[in-house]
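Q: Quick one: this structure, given as structure tokens, is what I'll be asking you about.
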Amino acid sequence: MQDISILYVPSNTRELHSWIAVLNDECVGNIHLQIEPNYKIKFLDAWVHRGHRRKGIFRRLWDVRWEYVQENFYGYTAYAWCKPMSLPLLIEKGFKGGETCVYVEKIIAE
């Protein structure tokens, strides 16, 4: 794999944590989590640049975030909404499937 660095990006709010994948001083991916009340952690969206997909960047970002959660949030419940392509990784990490959600959209017009 290319020489990609994963960097933690501090936020101005304690509830949001982010990591970016950097290659040649360019962001090629990112991943986030949000701390919620009642000891819950929501895994937020992840993105990998189209030209760098299928190279293990998403998994590296996911693993770095997971390690951070395991070290800092023992006893919390982590949850996520994910696309079907991401589901196998979450199942591999011990998450249990919930209800299915379907994306819909509409252009707002008169």
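Q: Apply the a/c threshold of 1.5 to the C-alpha gyration tensor of the stretch 5-92 and tell me whether it is rounded, prolate or oblate.
A: Oblate.
Q: Can you give the relative contact order of the stretch 5-92 as a percent, counting alpha carbon pairs under 8 Å and 6+ residues apart?
A: RCO, the stretch 5-92: 23 percent.
Q: Rounded to whole Hz and in sequence order, give me ³J(HN,Hα) for the stretch 11-23 from the Karplus expression 6.51 cos²θ - 1.76 cosθ + 1.60, θ = phi - 60°, writing x for Gly and Pro.
A: Karplus values, whole Hz, x for Gly and Pro: 10, 7, 10, 6, 7, 10, 10, 9, 9, 10, 9, 10, 9.
Q: Quote the relative contact order of the stretch 1-56 in percent (integer), defining contacts as alpha-carbon pairs under 8 Å separated by 6+ residues.
A: 25 percent.
Q: So for the chain, if I pair up every lysine 8 or more residues apart or on another chain, how many of those pairs have alpha-carbons under 27 Å apart?
A: For the chain, qualifying lysine pairs total 14.
Q: Quick one: Arg54, Arg60, fewest Cβ neighbours within 10 Å first, how do they rank?
A: Arg54, Arg60
Taken together, the values in this text are just the output of simple stated rules run on the coordinates, not laboratory data. Everything numeric in this text was worked out from a predicted model, so none of it was measured. All Cβ positions, even for glycine, are placed from backbone atoms using ideal geometry, and neighbour counts span all protein chains on display.
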